[in-house]
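Notes to accompany the following structure.
The values are calculated or read from the model by the stated rules, or taken from the named source; none is laboratory data. Note that the coordinates shown come from a computational prediction; the quantities given were computed from them, not determined experimentally. Cβ sites come from the backbone with ideal geometry, for glycine too, and all protein chains shown count toward neighbours. The protein model used for the area step is the full one, side chains on, heavy atoms only, and it has no ligands, DNA or RNA in it. Shrake-Rupley method; radii C 1.70, N 1.55, O 1.52, S 1.80 Å.
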Amino acid sequence: MKPDIRIFKDLEKLSRHAANIFVEQAASAIAERDRFLVALNGGNTPTRLFQVLASDYRDKVNWNKTHIFWGDERCVPPDDPGSSYGQARESLLSHVPIPDSNVHRVDTSFPPSEAAKDYALTLKQFESPPFAFPGFDLVYLGMGEDGHTASLFPGSSVQVTESVIPVTANYQDRPANRVTMTQLVFNQAQTVVFMATGEKKAVTLAEVLSDRYNPELYPAQRIEPKNGELIWLVDEDAASKLPRSLITKFCEG
Ligand code: 6PG
């Protein structure tokens, strides 16, 4: 299915739009299934989304029925600046009335291989048969300048059989020490929202969204929800190399 590509003037407008999607998907999932399952990403881009959800949008979400997961995580303690859970706790979770039991973080006291197995068991508790993991209502993802997404890095195997895998190969000259959900999970989601900003991502984004399919080199291309929708929220700088014909709409907010 063709991705829905929405362009925004800046991160603020993009983040508010992303927050609106959260509110809408939460309301419809809770109305239909009495719970809302969402996977967050780390990195710099979602921080503003988290702040918006924690302030202006705080009362628009039924947090009691919202369950938060992470698409990937670094095996570091929550207080480490690299912890995606720590980041979300600081900018979102500590400001909203979500029960602790609804926050499903990766247990980073384990090394990656055990943390991945443990997190796969967490996902299994929310399974949507025939899959041993949930069909997420909403997944947020980012994209690195090299086309990686979550912790699916260029050159990693496209053929995966597990819902969650350890990532220990060298990334940026260091062992990655991470765990990540795989495309098996992301591609069963109802809605996947990518957020990408900044001119440094423009060339890669144009490549990822082109019809030149190279998922080994550009892991973001591995994300193709089977029955769900794929939405790209992109600021003008990151969109600067996209052909206009690909763009679904220019959004005000
Ligand atoms: C993480 C994610 C990673 C991220 C991209 C984009 O860093 O936690 O694993 O996939 O979404 O690297 O990061 P920025 O938003 O910082 O550009």
(Q) Rounded to the nearest 5, what % of DSSP beta bridges with both residues in the stretch 120-202 are antiparallel? (A) 65
(Q) With every protein chain left in place and a probe of 1.4 Å, what is the accessible surface of LYS9, to the nearest 10 Å²? (A) 130
Q. For a label point 7 angstrom out from the Cα of SER109 toward its Cβ, which stretches of the stretch 75-98 have the backbone nitrogen within less than 20 Å?
A. 75-87, 89
Q) Based solely on its DSSP helices, what 222 nm [θ] is calculated for the chain when runs of n ≥ 4 H residues each add -39,500 (n - 2.57) and the sum is averaged over all residues, nearest 500 deg cm²/dmol? A) -7500 deg cm²/dmol
**Q.** Approximate spin-label separation PHE126-ALA27, in nm, with each point projected 7 Å along Cα-to-Cβ
**A.** 2.1
Q. Given H placed on each backbone N at 1.01 Å, which residues far from TYR171 in sequence or on other chains put an amide H within less than 5 Å of it?
A. ALA176
Q. Just how large is the dipole of the chain about the Cα centre, in debye to the nearest 20, putting +1 at every Lys and Arg Cβ and -1 at every Asp and Glu Cβ?
A. 340
Q. Around ILE5, which amide H atoms from residues at least 5 apart in sequence, or from another chain, sit under 5 Å from its own amide H, with H modelled in the peptide plane?
A. TRP232, THR248, LYS249
Q.
What does the C-alpha gyration tensor say about the overall shape of the stretch 1-79? Classify as rounded when a/c is under 1.5, otherwise prolate if a/b is larger than b/c, or oblate.
A. rounded
**Q.** Entries of LYS9/LYS249; LYS2/LYS200; LYS2/LYS249; LYS117/LYS226 with Cα pairs more than 20 Å apart
**A.** LYS2/LYS200; LYS117/LYS226
Q: Can you work out the accessible area per residue across the stretch 201-253, with the rest of the protein chains kept in place, probe 1.4 Å, in square angstrom?
A: 54
(Q) Which of the three applies to the stretch 144-241, rounded, prolate or oblate, going by the alpha-carbon gyration tensor with a ≥ b ≥ c and a/c under 1.5 meaning rounded? (A) oblate
Q. Is the chain best put as rounded, prolate or oblate by its Cα gyration tensor, with a ≥ b ≥ c the root eigenvalues, rounded for a/c under 1.5, and otherwise prolate when a/b is larger than b/c, oblate when not?
A. rounded
